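Here the structure comes first, spelled out in structure tokens, and everything after it is commentary.
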Amino acid sequence: MSIKSVCVYCGSRAGALPDYAQAAQDLGTALAANRMRLVYGAGDVGLMGEIARAAQAAGGETFGVIPGHLEKREVGKSDLSTYVVTETMHERKKVMLWNADAVVVLPGGAGSLDELFEALTWRQLGLHGKPIVILNTAGYWDKLRDLLDHIVSQGFAGQDTADYLIWADTPVAAIAALRDARS
């Protein structure tokens, strides 16, 4: 089955480098160009806002999911193709992942890590088989890769867990990985 819908986890802040915003914009445009629906956290701030506005500007379909308590904080982007308000963060993550064929993780903070590790854990437990792509813009996730290698080398996870992650340095490479992957 080809990838038609991509869950993107990313920061509600723009980050320190302009490369992060540019990668989010480029990925949003590329998702639309490849007829892949963007599923994301429904915010209009930080990288979330960048990717959504780029996908919309390119004519892409957008599916946003936000818990009610974050609508003001993350400036809920209600002009999306689909806008879902959930009661909890856990419900948000579940709705996002179940409405996508794959995951892409851009730079972000604790929330992005939470989302990534929940998706990775669910994959490890066999709850889904969706590809998980790490968009490693400007080497942002290099330390995460080192940590995962350490976890495997210390026997707390098998190599298969680290192998569930597909690493891409650019939005073009992330799209290529999605095209090559099967959910």
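Structure data summary
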item	result
Cleavage-rule hits, GluC sites (Glu not before Pro), region 45-152, DSSP coil, Cβ neighbours within 10 Å at most 13	Glu87
Local electrostatic count, Ser81, Cβ distance below 14 Å [Lys/Arg +1, Asp/Glu -1]	+3
Principal axis box of region 65-139, alpha-carbon based, largest edge first, Å	32, 31, 23
Tilt relative to the chain, helix 171-180 - C-alpha long axis, 0 to 90 degrees, to 10	70 degrees
Debye log10 I(q)/I(0) for the chain, one point scatterer per Cα, at q = 0.15, 0.17, 0.18 Å⁻¹	-0.79, -1.04, -1.17
Using a Förster distance of 30 Å, the FRET efficiency for Glu71-Val172 (Cβ separation, nearest 0.05)	0.35
Full-stretch length increase - Arg179, Asp142 - with 0.36 nm per residue and alpha-carbon distance subtracted	11.0 nm
Percent carbon-and-sulfur accessible area, the chain, ignoring ligands, DNA and RNA, probe 1.4 Å	51 percent
Only Lys, Arg (+1) and Asp, Glu (-1) charged, at Cβ; region 32-135 dipole about Cα centre in debye	180 debye
Charged-residue dipole, Cβ positions (Lys, Arg, Asp, Glu), the chain about Cα centre, Debye nearest 20	360 debye
The chain: calculated mean residue ellipticity at 222 nm from DSSP helix runs of at least 4, using -39500 (n - 2.57)	-13500 deg cm²/dmol
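The values are calculated or read from the model by the stated rules, or taken from the named source; none is laboratory data. None of these values were measured; they are calculated from a predicted model. With ideal geometry, Cβ positions are generated from the backbone for all residues, glycine too; neighbour counts draw on all protein chains shown. Protein only, heavy atoms only, side chains kept; ligands, DNA and RNA dropped before computing areas. Shrake-Rupley method; radii C 1.70, N 1.55, O 1.52, S 1.80 Å.
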